[in-house]
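One structure is given here, and the rest of the page talks about it.
Just so you know, all these numbers are worked out from the coordinates, no wet-lab data involved. It should be emphasised that the depicted structure is a prediction, and the values quoted were computed from it without experimental measurement. Here the Cβ positions follow ideal geometry from the backbone for every residue, glycine too, while neighbour counts run over all protein chains shown.
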Amino acid sequence: MKFLASVVAEMRKVTWPTFSENVRDTSIVLMTGLFFAILFGGADWVFEQGVTWLSK
């Protein structure tokens, strides 16, 4: 029980993000993911075209 009491005490000290901070951080994560998906997808396409061209 002492463990659970200490967990509750520590959780009360946590500073939780606001809704606007959550929206901002989520937007950053989604945009970064989209950026890298496009970047790596484009690089994959370029390398695929190069290998196809070389194998002809």
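Do we have PHE3 as assigned to a helix (DSSP H, G or I), loosely packed, with under 10 Cβ neighbours inside 10 Å and at negative phi here? Yes, satisfied. Considered as a group, the residues in segment 8-28 that are part of a helix (DSSP H, G or I), loosely packed, with under 10 Cβ neighbours inside 10 Å and hydrophobic (A, V, I, L, M, F, W, C) include one that is nearest to the chain's Cα centre (by Cα), and that residue is PHE19. A search for C-beta distances below 7 Å between a residue of segment 28-45 that is free of Cβ contacts under 8 Å to residues at least 24 places away in the same chain and any residue that is surrounded by fewer than 10 Cβ atoms within 10 Å (Cβ to Cβ) and among the polar types (S, T, N, Q), counting only pairs 6+ apart in sequence or on different chains, returns nothing.
Tell me, yes or no, whether segment 33-47 has at least one residue that is assigned to a loop (DSSP other than H, G, I, E, B) and surrounded by 10 or more Cβ atoms within 10 Å (Cβ to Cβ). No: zero hits.
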